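K.L.:
What follows is a single structure, and I will ask about it in a moment.
The values are calculated or read from the model by the stated rules, or taken from the named source; none is laboratory data. All values derive from a computational prediction rather than experimental measurement. Using ideal geometry, Cβ is built from the backbone for each residue, glycine included, and neighbour counts are taken over all protein chains shown. The protein model used for the area step is the full one, side chains on, heavy atoms only, and it has no ligands, DNA or RNA in it. Shrake-Rupley method; radii C 1.70, N 1.55, O 1.52, S 1.80 Å.
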Amino acid sequence: DLATALNDRGQVRYLRVEFAAAVQDFTAAIECQPGFEVPYYNRGLVRYRLGDFDEAMEDFRKVLELNPQFEDAALSLKQAILDKEEKQKRSY
């Protein structure tokens with residue numbers, strides 16, 4: 001379906017280091033199918049990699065709201081929280 005295709009294209013763009021385009025695709029997939037947790041997770045990964053920890057954590061929390069058994073999202077959320085705290089300690 002369209003949401004899966006958009007998510008897949010976002011994955012390709014992510015691997016090509018086309019982060020802005022990947023985020024657009026993941027967001028479009030979410031808009032097509034708001035209950036599909038995978039594009040939230042993928043968008044969270046991109047946001048995390050860009051250092052946008054608050055937005056990444058928001059996406060990971062949404063994944064866990066939709067699917068509490070999504071272990072990678074739980075691990076990614078914990079890591080984003082730790083990295084945000086570390087960034088704040090270093091105040092940069």
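K.L.:
In segment 2-90, with Lys and Arg counted as +1 and Asp and Glu as -1 at Cβ, which of these residues, 20, 77, 5, has the Cα nearest the positive end of the dipole, that is, farthest along it?
P.N.:
Selected residue: 20.
K.L.:
So, one more: Would you calculate a helix-derived [θ] at 222 nm for the chain, using -39,500 (n - 2.57) for each DSSP H run of n ≥ 4 and dividing by the full residue count, to the nearest 500?
P.N.:
Here the helix-only value at 222 nm equals -26500 deg cm²/dmol.
K.L.:
Moving to a separate point now. Please work out how much length the chain gains when fully extended from residue 86 to residue 74, using 0.36 nm per residue of separation minus the C-alpha to C-alpha distance, in nm with one decimal.
P.N.:
Length difference between fully extended and current span is 2.5 nm.
K.L.:
Rounding to the nearest 10 and keeping the result within 0 to 90°, find how far the Cα-based axis of helix 71-90 lies from the longest principal axis of the chain.
P.N.:
Once rounded, the angle reads 40 degrees.
K.L.:
Using a 1.4 angstrom probe on the protein heavy atoms only, line up 91, 76 by accessible area, largest first. Don't skip to the answer; put the middle values down first.
P.N.:
Details: 91 100, 76 20 Å².
The ordering from most to least exposed comes out as 91, 76.
K.L.:
If you don't mind, another one. Please state the relative contact order of the chain as a whole percent: Cα pairs under 8 Å, 6+ residues apart?
P.N.:
About 20 percent, as a whole number.
K.L.:
While we're on this one: Can you send over the solvent-accessible area of residue 78, 1.4 Å probe, protein chains only, in Å² to the nearest 10?
P.N.:
Number for this one is 130 Å².
K.L.:
When the chain is fully extended, how far beyond the present Cα-Cα distance does residue 16 get from residue 58, taking 0.36 nm per residue of separation?
P.N.:
Here the answer is 12.7 nm.
K.L.:
Viscosity 1.567 mPa s, temperature 4 °C: what is the translational diffusion coefficient of segment 2-90 from Stokes-Einstein with a Kirkwood Rh over Cα pairs, rounded to a whole number of µm²/s?
P.N.:
Here the translational diffusion coefficient equals 101 µm²/s.
K.L.:
Oh, and also: Given charges of +1 on the Cβ of Lys and Arg and -1 on the Cβ of Asp and Glu, with all other atoms neutral, how large is the dipole of segment 2-90 about its Cα centre, in debye to the nearest 20?
P.N.:
For this selection, approximately 280 debye.
K.L.:
Moving on to the next point. So what's the net charge close to residue 87: Lys and Arg +1, Asp and Glu -1, counting the other residues with Cβ under 13 Å from its Cβ?
P.N.:
Local net charge: -2.
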